[in-house]
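A.B. asks: Below you'll find the structure I mean.
The values are calculated or read from the model by the stated rules, or taken from the named source; none is laboratory data. The structure presented is a predicted model; accordingly, all values stated were derived computationally and were not measured. Neighbour counts run over all protein chains shown; Cβ positions are idealised from the backbone, glycine included.
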Amino acid sequence: MTPIAATVIFAIIVVWVLLHLKTSRPDAKLITGLHSYRRVMSYIMIGRNESIVYFDSHADASALVEYIEKAQSRFDVDISHCLVGAALIGLNENPSMNRFSTGRRLWQRNSPCVSFSMKRKQLDTEAKLATVKLESIPAETFEGLCGRINAAIGTERSGKKTYADKEFDLLEVLPRPIMRGAVQALKTLDYFNILPAGFMANDPLFTSMFIANLGSLGMGAGFHHLYEWGNCPLFMMVGQLEDRPVAQDGEIVVRKTLHIRWSYDERIDDGLNARFGIDSVVRALEHPFEYFGCLAGDGSDVRPLDHVEESQSPGSA
């Protein structure tokens, strides 16, 4: 072996070792001190869809419908806004749900963020699908969140090319072998925690939770797969408002209900804490006047979306 070849091989080995030793990334912090069972899960269940668990839940939407009717006289809001707000509340109350598994390691995301999809043109089957990603802002109110959502939707529906549009336009012109190689290269960079922060910040699948409100299309809820791209460990699909019989005080009554179905990466935490996270989201949807507020003129009912009460966050430990 020539000296040059030996030097090259040594350099490759050094780089390989350094990459595997890298334990920092721009969007999260490495979780240490895990139980050996949870550490080994990422080696047994390599992909998200090998680790997927499905949950079914229902939220009594009676108070939510009333809240939206009253809130619309003050600011632009609908069920989709409430779903995003409730998701952020659930993530803030249950930090263990704001994790993800990448590179056979478990990470705690720096800040909760939620992505959601929509049609570029409402009720147009030919219209392109657009996605919006919003990060939690400290002490933000629900009204403030609704303003940010509306601004983001306005941008997506303005016809202007977004970062994602430019990214997709570039991929579309690449031959299939090159595109496949490019995607694999980006996944490798993510595996070794060297994917640029700007790339992750603009990609809606590098997110805490993805929401698909099928109710806006007049559809029921379905179970969604988890994408192997990005690092999203939670998918929330919501169906249209439906009249559902429920038992109340020994009698059957009909309630306006939202059917919510969840897809969950089991590697991030156990089923008990997953239940706590789902309960937080459902609780916010069922008690919107308490959790969303913003209807009193004096601001007395305003509660930041990142406000956490210990008695209501058993999954945060």
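A.B. asks: Surrounded by 12 or more Cβ atoms within 10 Å (Cβ to Cβ), on the phi < 0 side of the Ramachandran plot and among the polar types (S, T, N, Q): which single residue out of Asn193, Asn202 fits that description?
C.D. replies: The conditions single out Asn202.
A.B. asks: While we're here: Can you find a residue that is at pLDDT 90 or above and buried (at least 17 other Cβ atoms within 10 Å of the Cβ) anywhere in region 174-189?
C.D. replies: no
A.B. asks: Does Pro288 satisfy being modelled with pLDDT of 90 or more, within 20 Å of Ala164 (Cβ to Cβ) and over 18 Å from the mean Cα position of the chain (by Cα)?
C.D. replies: no
A.B. asks: Something else: Out of all the residues in region 231-242, is one or more buried (at least 16 other Cβ atoms within 10 Å of the Cβ) and out of contact with any strand residue (DSSP E or B) (no Cβ under 7 Å at 6 or more places or on another chain)?
C.D. replies: Yes, region 231-242 contains a residue that is buried (at least 16 other Cβ atoms within 10 Å of the Cβ) and out of contact with any strand residue (DSSP E or B) (no Cβ under 7 Å at 6 or more places or on another chain).
A.B. asks: Within region 223-235, is even one residue more than 13 Å from the chain's Cα centre (by Cα) and not in a loop (DSSP other than H, G, I, E, B)?
C.D. replies: So far as region 223-235 goes, no, none of its residues is more than 13 Å from the chain's Cα centre (by Cα) and not in a loop (DSSP other than H, G, I, E, B).
A.B. asks: Which of the residues spanning region 202-229 are without any contact (Cβ under 8 Å) to a residue 40 or more places away in the chain and either within 16 Å of Ser263 (Cβ to Cβ) or of a type in the set (A, V, I, L, M, F, W, C) (or both)?
C.D. replies: Listed by number, the residues that qualify are Leu214, Met219, Gly220, Gly222, His224.
A.B. asks: What's the number of the only condition in (1) modelled with pLDDT of 85 or more; (2) among the charged types (D, E, K, R); (3) loosely packed, with under 14 Cβ neighbours inside 10 Å; (4) not in a strand (DSSP E or B) that Asp269 fails to meet?
C.D. replies: The number of the failed condition is (3).
A.B. asks: Which count do you get for residues in region 199-222 that are among the hydrophobic types (A, V, I, L, M, F, W, C) and in a helix (DSSP H, G or I)?
C.D. replies: Matching residues across region 199-222 total 5.
A.B. asks: What residue, among those in region 29-62 that are under 25 Å from His225 (Cα atoms) and small (Gly, Ala, Ser), is surrounded by the most Cβ atoms within 10 Å (Cβ to Cβ)?
C.D. replies: Only one residue fits best here, namely Ala59.
A.B. asks: A further question on this structure: Only one residue in Val65, Val53, Val77 is under 23 Å from His259 (Cα atoms) and within 18 Å of the chain's Cα centre (by Cα), so which one is that?
C.D. replies: Val53
A.B. asks: Looking only at region 163-192, which residues are within 20 Å of the chain's Cα centre (by Cα) and not aromatic (Phe, Trp, Tyr)?
C.D. replies: Ala164, Lys187, Asp190
A.B. asks: Considering region 5-29 alone, what residues qualify as being among the β-branched types (Val, Ile, Thr) and without any contact (Cβ under 8 Å) to a residue 60 or more places away in the chain?
C.D. replies: If the condition is that a residue be among the β-branched types (Val, Ile, Thr) and without any contact (Cβ under 8 Å) to a residue 60 or more places away in the chain, then Thr7, Val8, Ile9, Ile12, Ile13, Val14, Val15, Val17 are the ones that fit.
A.B. asks: Restricting attention to region 109-136, report how many residues are modelled with pLDDT of 95 or more and exposed (fewer than 15 other Cβ atoms within 10 Å of the Cβ).
C.D. replies: Total meeting the criteria: 1.
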